[in-house]
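A.B. asks: Here it is, the structure, as C-alpha cells.
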Amino acid sequence: MSFFQIQPPRQAAKEQVVDHALQPWVEKYRPQTIEDVSSQEHTVAVLRRTLTSTNLPHMLFYGPPGTGKTSTILALSRQLFGPDNFRSRVLELNASDERGISIVREKIKDFARQTPRAQSGVSSDGKTYPCPPYKIIILDEADSMTQDAQAALRRIMENYARITRFCLVCNYVTRIIEPLASRCSKFRFKPLDNISTSQRLTHIACAENISLDPSVVNALITTSQGDLRRSITYLQSASRLANSTSPPTVITPEDIQEIAGVVPDTVVNEFAATLGIDIGGKDKTKAKSFDEVRREVKQIVREGYSASQLLSQLHDLIVEHPTLPALHKAKSALAIAEADKALCDGADEELWILEVALQIHKAVS
Amino acid sequence: MSLWVDHYRPKTLDDLHYHPALSARIKSLAKAGDFPHMLFYGPSGAGKKTRIACTLKELYGKGVEKLKIDQRVFMTPSRRKLDVNIVQSNFHIEITPSEVGNYDRVVIQELLKEIAQTQQVDITARHKFKVVVINEADSLTRDAQAALRRTMEKYMSNMRIILCANSTSKLIAPIKSRCLLVRVAAPTEDEMIKVLKYVASRERLQTDDAALTEIAQDANGNMRKALLVFEALKMQKGILSGPVAIAKPDWETYCCKVGDMIIQDQSPSRVLEVRSKLYELLSHCIPPTVILKTIADRVVELVDESLKADIMHWAAIYETRMRVGNKKIFHLEAWVVKVMSLYKHFFYDIDMSGFD
Ligand SMILES: Nc1ncnc2c1ncn2[C@@H]1O[C@H](COP(=O)(O)OP(=O)(O)OP(=O)(O)O)[C@@H](O)[C@H]1O
Ligand SMILES: [Mg+2]
C-alpha cells in the first residue's frame with residue numbers, strides 16, 4: 001500500500017490536539033479525572049483513596065457499554081503517573097490487539113516484570129503526580145480473551161504483584177475465569193441513572209452552546225437506557241442536523257427517536273392491533289386471518305426496522321397494557337423470549353417476527 | 001455496456017430517488033468535520049450500498065470513484081496464509097468479512113491498525129480521516145466485533161467506520177453504542193415505479209403503468225431485482241405493456257413443486273423424493289433459509305387456516321436449528337417430516353401425539 005505513509009506515533013498524537021474542535025463529543029467530553037466520572041460514586045470513592053495511598057489492588061471493572069469503565073481506568077492512570085510517565089508505566093491492550101496465549105506469555109510478561117524506575121513527582125506540566133512504584137496493565141474488553149490466555153495470566157498476576165497491577169475491563173463478568181476474577185477487587189459499573197445522564201447532557205449542551213428542551217433530555221434517557229455514550233452520540237447528531245438547516249431549528253424528541261432507530265409508536269400500535277390487542281383505537285379489534293398477520297409482518301420487514309428493537313417495544317406495550325389478562329401477557333412474553341434467543345443465534349428475522357405475531361395472536365384471541 | 005442496475009446507479013446523494021429526508025441528513029453530516037461512525041441497515045436491495053457510495057462521494061468528491069483492487073496476504077495466529085482482495089481508493093477501503101470466513105478478526109485487526117496509524121497522503125483531501133466500509137457487517141464474528149470496539153474510539157481522528165448490514169440484531173451492543181444508526185427502508189411501490197419510469201425515459205422506452213406496477217410488485221421492495229427484471233423483459237419483448245407475465249426464477253418454481261409434493265402425499269418414500277430435491281437446491285447454492293421460507297410460503301397457501309400458524313412455527317424453529325447446527329439438510333428434512341405429520345394428523349384426525 002504505497003500511498004499509506006506510516007507516520008511516527010508521536011506526530012499522530014499531536015494531530016489529535018489540533019483536531020479538538022472536530023472531535024466527536026464522546027471523546028471531547030471523556031472524563032479527564034475520576035472526579036468527572038458521573039454516577040459511579042462507589043467506585044470513584046474507592047479509587048480516590050488509592051490516589052493518596054500508594055496501594056492499588058488488582059481490579060476488575062464490569063458493566064454495560066458506555067458507563068465509563070475505560071474512561072475511569074484511563075483517568076486514574078493519568079492521575080497517578082502524569083503525562084511523562086504514562087507511556088512507561090501503563091500498558092493498554094484491548095480486543096483489537098492480538099492477545100492470544102503467546103502474547104500473554106511474551107508481551108504482557110515482559111512488561112509485567114520490568115521494575116519501574118523511581119521518578120521524582122514533578123512532571124513537565126508543572127504538576128506533581130503520586131507516581132507510585134508499580135505499573136498498570138489495562139486489559140480492556142477482557143471478556144474476548146480466550147480461556148487459555150486468561151489462565152496464562154494467573155501466574156503473571158501473582159508473580160509480579162509487587163510491581164504490576166492489572167485492571168481487567170469487561171461487559172460480561174461471567175466470561176472471566178473464576179481464578180482471575182477472585183484475584184481482583186470487583187467494581188460494578190451501573191447503567192447511568194436518569195439524573196446523572198441528564199446532568200451530563202446538560203453540561204455538554206451548555207459547553208457546546210445548544211439549547212436543550214427537557215423533553216429532549218427525556219427522549220435521550222429513554223432511548224439510551226443508561227448508556228451515556230449512546231446518548232451523547234445521539235445528541236451530537238441531532239444538534240448537527242438541527243444546525244444544518246437555515247434557519248437552524250431546535251432539537252425535538254422525535255429527532256432523537258428517529259436517530260436512535262426507535263420504531264414509531266404508530267407502527268408498533270398498528271402491529272399490536274393486527275395481533276388482536278386492544279390499543280383503544282377506533283374499531284374494536286376483530287379476528288384477523290393468517291394472511292393479514294403475515295402481510296403486516298412483511299410490511300414491517302420491508303421498512304427495515306430491527307427485529308430486536310420492534311420486539312422490545314412490543315414487549316413494553318404488552319406488559320404495561322391496562323386491560324390485557326395476565327395469562328395473555330405471560331404467553332406473549334414467553335413467545336418474545338423465545339424469539340430473542342433465536343435472534344441471538346442468528347435466526348431469520350422475518351420468520352421470528354411472524355412466529356411471535358402468530359403466538360400472540362393465538363394467545364389473545 | 002453495463003447493466004441498467006449499474007448504469008443508472010445514482011452517484012451522488014442528490015441523485016438518489018427516494019428517502020430524500022435521509023439523504024439530506026447524511027449530507028449535513030458529511031459537511032461537518034465531525035462525521036460519526038455509521039451503521040446502515042435495512043432489507044436487501046433497498047439501496048444501502050448505493051447510499052454509502054454516495055456518502056463517500058459527498059465526503060471526498062470524485063476521487064473515491066478511482067478504485068483499485070489490492071491482493072493482500074494476512075497471517076493467521078496459526079501461521080496460515082490468507083489471500084484477501086481489498087477494494088480501495090485513496091480515501092477509503094472496503095472489506096467483506098464473509099470472504100475471509102472465521103479469520104475476519106485477523107484481517108480487521110491488521111487493516112484497521114494500519115489505517116489508523118497512517119494519514120491521508122492526499123493533502124487536498126477534505127477530511128483528515130479515512131473511511132473503512134465493512135459490508136455484511138452482520139456476518140462479522142463476535143471476535144471481530146470485539147476487535148472493532150476500542151479501535152473505533154482510539155483511532156477516531158484518523159478513521160471512520162461505515163458498517164452495512166441487513167439487521168442490527170446480530171451486532172453486539174458496544175458496537176451499536178459507537179455508531180449512528182441509519183435505517184434504509186425498502187422503497188414503496190410508487191417509489192419503485194418512479195425509478196423504473198426514470199430509467200424508461202432515459203432509455204426512450206415505451207411502457208405503461210400496468211407493466212411497471214407488475215414489476216414493482218414482483219420485486220417486493222428489492223430495487224435491484226426490479227431493475228434486473230425490467231431489463232430482462234425489455235430484452236425479450238422490446239415494448240413493455242401489461243400484463244407482462246414475469247417468469248419466476250427456476251429455483252422458486254422448484255421450491256413450489258416441493259411444497260406441492262409435501263401436500264400430495266405423506267409417506268417415507270415421498271420424504272426420500274423430497275430429500276433429493278432439497279439436495280438439488282442446496283447444490284445450486286440456494287441459501288437454505290430461502291429454500292425453507294419459499295417452500296413454507298407455498299405450503300401455507302395449500303393448507304387449512306388452522307394449520308398455517310403451526311407450519312410457520314416449525315419453520316421458525318427448524319430455521320434456527322439450522323443456524324446453530326451444522327448439517328442444513330437434517331433440519332430442512334426434519335421440518336418437511338414435521339409438516340407431513342401435522343398435515344396427516346389434521347386430515348385423518350389421527351392422534352399422533354406419541355410422535356412429538
Ligand atoms: N460515568 C460516566 N461519566 C461521564 N462520562 C461518561 C460516563 N460513562 C460514559 N461516559 C461517556 O461515554 C464515553 C464512553 O465511555 P467509556 O469508553 O468509558 O465506556 P465503557 O464503559 O468503556 O464502554 P464499553 O463497555 O463499550 O467499552 C466517554 O467518552 C464519555 O464521554
Ligand atoms: Mg471500553
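A.B. asks: In nm, what is the difference between 0.36 nm times the number of residues separating residue B:194 and residue B:62 and their Cα-Cα distance? Could the numbers behind the result be given before it?
C.D. replies: Working: separation 132, 0.36 × 132 = 47.52 nm, distance 2.69 nm.
Contour length minus Cα-Cα distance gives 44.8 nm.
A.B. asks: What do you get for the angle between helix A:214-224 and the principal long axis of chain A? Use alpha-carbon atoms, 0 to 90 degrees, nearest ten.
C.D. replies: Tilt of helix A:214-224: around 80 degrees.
A.B. asks: Let me ask another. Top mean-square fluctuation among B:64, B:339, B:199, Gaussian network model of chain B, C-alpha springs under 10 Å?
C.D. replies: The residue with the greatest mean-square fluctuation here is B:339.
A.B. asks: Over all residues in B:162-174, what is the mean tally of Cβ atoms on other chains that come within 10 Å of each residue's Cβ? Before the final figure, lay out each step's value.
C.D. replies: On the way: counts 0, 0, 0, 1, 3, 12, 7, 14, 8, 2, 3, 7, 8.
For this peptide, the per-residue mean of nearby foreign Cβ atoms is 5.
A.B. asks: Considering only lysines 8 or more places apart in sequence, or on different chains, count the pairs in segment A:265-364 whose C-alpha atoms sit under 15 Å apart. Present the calculation step by step, with values, prior to reporting the outcome.
C.D. replies: On the way: A:286/A:362; A:288/A:362; A:329/A:362; A:331/A:362.
Lysine pair count for segment A:265-364: 4.
A.B. asks: Modelling each spin label as a point 7 Å along the Cα-to-Cβ direction, I'd like the residue A:106/residue A:215 distance in nm, to one decimal.
C.D. replies: It works out to 6.0 nm between the two label points.
A.B. asks: Of the residues B:174, B:43, B:287, which exhibits the maximal mean-square fluctuation in a Gaussian network model of chain B defined by a 10 Å Cα contact cut-off?
C.D. replies: Largest GNM mean-square fluctuation: B:287.
A.B. asks: Let a ≥ b ≥ c be the square roots of the eigenvalues of the Cα gyration tensor of segment B:38-148; is it rounded (a/c under 1.5), or, if not, prolate (a/b larger than b/c) or oblate? Walk me through the intermediate numbers first.
C.D. replies: Details: a/c = 1.94, a/b = 1.28, b/c = 1.51.
Oblate shape, in that a/c is at least 1.5 and b/c is the bigger or equal ratio.
A.B. asks: What angle, in degrees between 0 and 90 and rounded to the nearest 10, separates the Cα long axis of helix A:326-344 from the longest principal axis of the Cα atoms of chain A?
C.D. replies: 50
A.B. asks: Using 0.36 nm times the number of residues separating residue A:249 and residue A:178, minus their current alpha carbon distance, what extension gain do you get? Don't jump to the answer; show the numbers that get you there.
C.D. replies: Values: separation 71, 0.36 × 71 = 25.56 nm, distance 5.30 nm.
Net length gain for the segment: 20.3 nm.
A.B. asks: In nm, what is the difference between 0.36 nm times the number of residues separating residue A:323 and residue A:159 and their Cα-Cα distance? Could you put the intermediate results ahead of the total?
C.D. replies: On the way: separation 164, 0.36 × 164 = 59.04 nm, distance 6.26 nm.
The span from residue A:323 to residue A:159 would gain 52.8 nm if fully extended.
A.B. asks: Under 17 Å from the Cα of residue B:48, which lysines turn up, not counting those fewer than eight places away in the same chain?
C.D. replies: Reachable lysines: B:11, B:27, B:57, B:225.
A.B. asks: Mind checking which aspartates and glutamates have their C-alpha under 16 Å from residue B:277, skipping anything on the same chain fewer than 8 residues away?
C.D. replies: Those aspartates and glutamates meeting the cut-off are B:250, B:252, B:260, B:265, B:333.
A.B. asks: Let me ask another. Based on alpha-carbon centroids, what's the gap between segment A:227-270 and segment B:146-191 in Å, whole number please?
C.D. replies: If you average the Cα positions of each part, the centres end up 16 Å apart.
A.B. asks: What are the extents of the Cα atoms of the protein assembly as shown along their three principal axes, in Å, largest first?
C.D. replies: 87, 65, 57
A.B. asks: Top mean-square fluctuation among A:117, A:302, A:89, Gaussian network model of chain A, C-alpha springs under 10 Å?
C.D. replies: A:302
A.B. asks: Give the average, rounded to an integer, of partner chain Cβ atoms located within 10 angstrom of each Cβ in A:66-72.
C.D. replies: Going residue by residue through A:66-72 and averaging, the value is 1.
A.B. asks: Let me ask you something else. Return the calculated 222 nm mean residue ellipticity for chain A, to the nearest 500 deg cm²/dmol, obtained by summing -39500 (n - 2.57) across DSSP H runs with n ≥ 4 and dividing by the residue count. Walk me through the numbers before you get to the answer.
C.D. replies: Working: 16 runs with 192 residues, N = 365.
Dividing the helical sum by the residues of chain A leaves -16500 deg cm²/dmol.
A.B. asks: So if I take the centroid of the Cα atoms in segment B:246-305 and the same for segment B:38-86, what is the distance between those two points in Å?
C.D. replies: 36
A.B. asks: Angle, helix B:268-283 long axis vs. longest principal axis of chain B, Cα atoms, 0 to 90°, nearest 10?
C.D. replies: Long axis of B:268-283 versus the principal axis of chain B: about 20 degrees.
A.B. asks: Same structure, new question: Over all residues in A:91-102, what is the mean tally of Cβ atoms on other chains that come within 10 Å of each residue's Cβ?
C.D. replies: Numbers: counts 0, 2, 1, 7, 12, 17, 5, 7, 1, 2, 1, 1.
For this peptide, the per-residue mean of nearby foreign Cβ atoms is 5.
A.B. asks: Direction-averaged shadow area of the convex hull around the Cα atoms of segment A:194-260, nm²? Spell out each step's value before the answer.
C.D. replies: Working: hull surface 15.3 nm².
For segment A:194-260, the mean projected area of the Cα convex hull comes to 3.8 nm².
A.B. asks: Assuming 1.306 mPa s and 10 °C, estimate D for chain A with Stokes-Einstein, Rh taken as the Kirkwood radius over Cα pairs, in µm²/s. Could the numbers behind the result be given before it?
C.D. replies: Values: Rh = 24.1 Å.
The diffusion coefficient I find is 66 µm²/s.
A.B. asks: Based on the alpha-carbon gyration tensor of chain B and its eigenvalue square roots a ≥ b ≥ c, which shape applies: rounded if a/c is under 1.5, prolate if not and a/b is larger than b/c, or oblate?
C.D. replies: On the way: a/c = 2.37, a/b = 1.42, b/c = 1.67.
Oblate, because a/c is 1.5 or more while a/b does not exceed b/c.
A.B. asks: Now a separate question. To make sure I understand the rule: partners must be lysines, Cα under 17 Å from the Cα of residue A:135, and not fewer than 8 residues away in the same chain. Which ones qualify?
C.D. replies: A:107, A:109
A.B. asks: Take residue B:203, project a point 7 Å from its Cα along the Cβ direction, then tell me which residues of segment B:5-30 have their backbone nitrogen under 17 Å from it.
C.D. replies: Within reach of a label on residue B:203: B:5-10.
A.B. asks: Ok, one more. Taking the Cα-to-Cβ direction at residue A:22 and at residue B:76 and moving 7 Å from each Cα, how far apart do the two end points lie in nm?
C.D. replies: Calculated label separation equals 3.9 nm.
Only the coordinates and a few stated rules stand behind these numbers; no lab work does. Note that the structure is a prediction, hence the values are computed from the model and not measured. Reconstructed Cβ throughout: ideal geometry from the backbone, glycine too, with neighbour counts over all protein chains shown.
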